[in-house]
Amino acid sequence: MPELYCNAIWDDFYCWPPTPAGQVVSRTCSEIFETLHLQVDAESNGAKAYRVCEEDASWLRGNWTNYTACIVLIREDSIAAPLAVSYILFICSVLSLIALIITLFIFCYFKSLHCQRLKVHQNLVVALIIHSILLILISSPVVTGDEVAPHIYIGWLCKTILSLKMYAAMASINWMFVEGLLLHSRITVSTFQQEAPFKIYYLIGWGLPSVFILTWCLLMSRDLNSSCWKGYGDSNFVWILNGPMLIALSVNTFFLVNIIRILVTKLRASASAETAQVRKAIKATALLFPLLGVTHLLFAINPGDELETTYMITNAVFQSSQGLFLAVLYCFTNSEVQAALRNAYLRSQIQSSTRRSSSNSRTASNVNSEAIAEASCNKKLLSKKCILPLHDCQETENSVTSEDNSREKSDHNRPFVG
């Protein structure tokens, strides 16, 4: 480069290269939009965006780029799809977060529900809560505006949020794998006859994801210098995260198939009707699908081209509503949870009724005591002894004294009759 030049700069859409002072650098709209995965009209006619490097080696108007010729080429559906995905992620994640917080409270508060499988449920719920919070943070700039979510302009903070989101996604899938491992071992081989090895579970659920995420972050920091690691999905390093998750989901799929096979075998051995057997098998499959994360495996590969919009929206729905499905299927509609809530409600009603009855009995006792005290006072006024409160006694004695004085005055003014 010559002695005077404008530095390379990122304008939130494209990374513009260093440019000699007094020159104009341009790029075709197709080249720019390709990096953003935006679709443009076929007849672009070589339209370009450009930046101007002034003679003093500073970019014209700071971080301004002229995209006028490119804006008219953007297809409406290429903008509508990412916008719809952001709103779906935000709304479904908020609903999932609310449902998961209620679920975690129920699981922790009611001691009658505690068991080994519930501990695994609790860890899975915590991972999904973290994932929902981070999805809300990531989608909020589009939904609420950049002013409300300034973290997208702070490089290290944006990368940290993205890394934590990837960690939470990987941890939730690993805890789904633990769910499948525990359930499969209970139903089939009974590997863990007594206590489940929760140290191993914690290592799988929280430990392994941290190792993969730290490795991924180090490689991304070394080789990808884009803002907030944009374009990380196109890098081969993404398989450091996707590979273990696909393996865990594939093993869970095997667990699911084997569990359903055993269930169907046991149903056939029973005397129930064929339709009832099919209904139970379908219900079990529907319950285990979201728990074991098999829905993630259905959308592991982006088909691209015409199906990409459908893939993005469907994947956003399943990714952000995973926690909501889990809360509804394994908490709100669970018979044991409903029984615990019903018992808690009945206990509160009984305690409230007991407090009201005891309060009424105390009130009645106080009324009876006052009545007895007043009757006793009336009797003892003759002997100048009163057990009523002081102000009541004074009022009574004053009234008696005034009656006596008036009686004496009337006797004194009465004419003598001989």
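The values are calculated or read from the model by the stated rules, or taken from the named source; none is laboratory data. In this text the structure is predicted, and so the values were computed from the model without any measurement. When we count neighbours, we look across all protein chains shown, and the Cβ atoms used for this are built from the backbone with ideal geometry, even at glycine. Surface accessibility is based on the protein's heavy atoms, side chains included, excluding ligands, DNA and RNA. Shrake-Rupley method; radii C 1.70, N 1.55, O 1.52, S 1.80 Å.
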Inset, instruction - Output ³J(HN,Hα) for the range 199-213: one whole-Hz value per residue in order, computed from phi by the Karplus curve 6.51 cos²θ - 1.76 cosθ + 1.60 with θ = phi - 60°, and x for Gly and Pro. - result: 5, 5, 4, 5, 5, 5, x, 10, x, 4, x, 5, 5, 5, 5
Inset, instruction - Scan around ASP11 for amide H atoms under 5 Å from its own, H built in the peptide plane at 1.01 Å from N, and keep only partners 5 or more places away or cross-chain. - result: TRP16
Inset, instruction - For ARG117, ARG186, ARG61, give the ranking by accessible area with the largest first, probe 1.4 Å. - result: ARG61, ARG186, ARG117
Inset, instruction - Pull up all non-local amide H partners of TYR5: gap of 5 or more, or a different chain, and H-to-H distance under 5 Å with H placed in the peptide plane. - result: ALA21
Inset, instruction - List, in order, the whole-Hz ³J(HN,Hα) value for each residue of the range 126-136 obtained from phi through the Karplus relation with A = 6.51, B = -1.76, C = 1.60 and θ = phi - 60°; use x for Gly and Pro. - result: 4, 4, 6, 5, 4, 5, 5, 4, 6, 5, 5
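Grab the beta carbon distance between LEU218 and SER352, set R0 = 45 Å, and tell me the FRET efficiency rounded to 0.05. Walk me through the numbers before you get to the answer.
On the way: r = 59 Å, r/R0 = 1.30.
For LEU218 and SER352, the calculated efficiency is 0.15.
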